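Below is one structure, written out as structure tokens; comments come after it.
Bear in mind these aren't lab numbers, they're just calculated from the coordinates by the rules spelled out. Predicted, not measured: the structure shown is a model, and the values here were computed from it. All Cβ positions, even for glycine, are placed from backbone atoms using ideal geometry, and neighbour counts span all protein chains on display.
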Amino acid sequence: MKKLFRILLNIVVVVAILVLAAYVDGTTLPVNHTTTVTRTINAPPEKVFAQITNIAAGASWRPEVKSVNVLPAEIGPNGPQDHWVEDLGHGQTMTFLSTKTQAPIAPAETGVREVLLDVPGASYGGTWTYNVSPGPTAGTTMLAITEDGYIEPPLYRFMMHHIFGMTHNLDAYQKDIANVFKS
């Protein structure tokens, strides 16, 4: 019985040391970050932009989104701004507000969509900026998504930097939208 207790105590001590090490490492990582991912999508820019801005349909093509609740539009400096809540299915919801929507009008023009994580007082957040421009070949789109964000809790910074990767969510979004237009 003493031997089992000693083994369990050693396990608890090792886990505590690992958590402390992760915490200390997290405190050395920057709170603010900017990261961009770019991908060619097999569809013209106007279709990709329409998919991005059709927030009500998000749950139909993004597997991690279980449902979307569209809120009344906010009135911003440039007119109405989309406002919505995504249910991620495990007790987590995220509220978003579009702060800029500029569709690509001419064939060579870039469309821009800026979306803010709208959760006052959250320990993480920021904006995603979607740049939708003509791709390298006719009928394709270059989709660049830039995240300007912050992560306050040191353990979460450790996990995003060393376990998940800073582009984890951006990569998932890019993959999901590419799958919509797979030919």
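Using a cut-off of 15 Å between beta-carbons, work out the net charge of the residues near S123 (Lys and Arg +1, Asp and Glu -1, S123 not included). The partial results should precede the final answer.
Working: positive: R157; negative: D118, E152.
Local charge sum for S123: -1.
As a check on your grasp of the helix formula, calculate [θ] at 222 nm for the chain: sum -39500 (n - 2.57) over DSSP H runs of n ≥ 4, divide by the residue count, round to the nearest 500.
On the way: 5 runs with 59 residues, N = 183.
Taken over the chain, the calculation gives -10000 deg cm²/dmol.
Please find the FRET efficiency linking T35 to N10, where r is the Cβ-Cβ separation and R0 is fixed at 45 Å, and quote it to the nearest 0.05.
Values: r = 39 Å, r/R0 = 0.87.
Efficiency at R0 = 45 Å is approximately 0.70.
What's the Kirkwood radius of segment 31-180 in Å, using all Cα pairs? Each step should come with its number before you reach the end.
Working: mean 1/r = 0.0621 Å⁻¹.
Across segment 31-180, the inverse of the average 1/r is 16.1 Å.
Given the options A16, A73, A172, state which has the largest fluctuation in a GNM of the chain using a 10 Å cut-off (strictly under) for Cα springs.
Checking each option, the largest mean-square fluctuation is seen for A16.
Return one number: the angle in degrees, 0 to 90 and rounded to the nearest 10, between the long axis of the Cα atoms of helix 168-180 and the longest principal axis of the Cα atoms of the chain.
With both axes taken from Cα atoms, the answer is about 40 degrees.
Where in segment 36-74 does the label zone of Y124 land, with the point 7 angstrom along Cα→C-beta and an amide N cut-off under 17 Å?
Only 36-37, 64-65 pass the distance filter.
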